[in-house]
Amino acid sequence: MKFLVVTNAPTLIQKGHYCAYAPYVREMDVWTDYVKAYKLVSPNQYSQELLTLPFKKQPNW
């Protein structure tokens with residue numbers, strides 16, 4: 001199964017990995033355990049400091 005996520009939560013690239021707001025990443029990691037591949041449609045910048053984590057399973061862009 002493939003999964004498309006459309007969100008206003010910014011997805012950032014940090015140290016070569018896609019990252020986002022930590023609580024959001026934890027929730028997405030649960031969902032992505034059940035899919036073969038997924039894509040994110042989201043903003044790619046954020047002007048303030050943000051507590052981030054990398055996604056356990058990186059999105060297919």
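Nothing in this text is a laboratory measurement; each read-out follows from the coordinates by a stated rule. A quick note: this is a predicted structure, and the numbers were derived from the prediction, not measured. Note that we place each Cβ from the backbone using ideal geometry, even for glycine, and neighbour counts take in every protein chain shown.
Tabulated values for the structure
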quantity: Exclusive hit being of a type in the set (D, E, K, R) and surrounded by 12 or more Cβ atoms within 10 Å (Cβ to Cβ), set Asp33, Asp29; calculated: Asp29
quantity: Ala9 within 15 Å of Asn60 (Cβ to Cβ) and small (Gly, Ala, Ser); calculated: no
quantity: Tabulated pairs, region 37-61, first within 13 Å of Tyr18 (Cβ to Cβ), second of a type in the set (Lys, Arg) and surrounded by 12 or more Cβ atoms within 10 Å (Cβ to Cβ), C-beta under 6 angstrom, 6+ apart or interchain; calculated: Pro59/Lys39; Asn60/Lys39
quantity: For Asn8: the one exception among (1) surrounded by 12 or more Cβ atoms within 10 Å (Cβ to Cβ); (2) in a loop (DSSP other than H, G, I, E, B); calculated: (1)
quantity: Residues being touching a Leu at 6+ places or on another chain (Cβ under 8 Å) and surrounded by 12 or more Cβ atoms within 10 Å (Cβ to Cβ) - total across region 42-61; calculated: 4
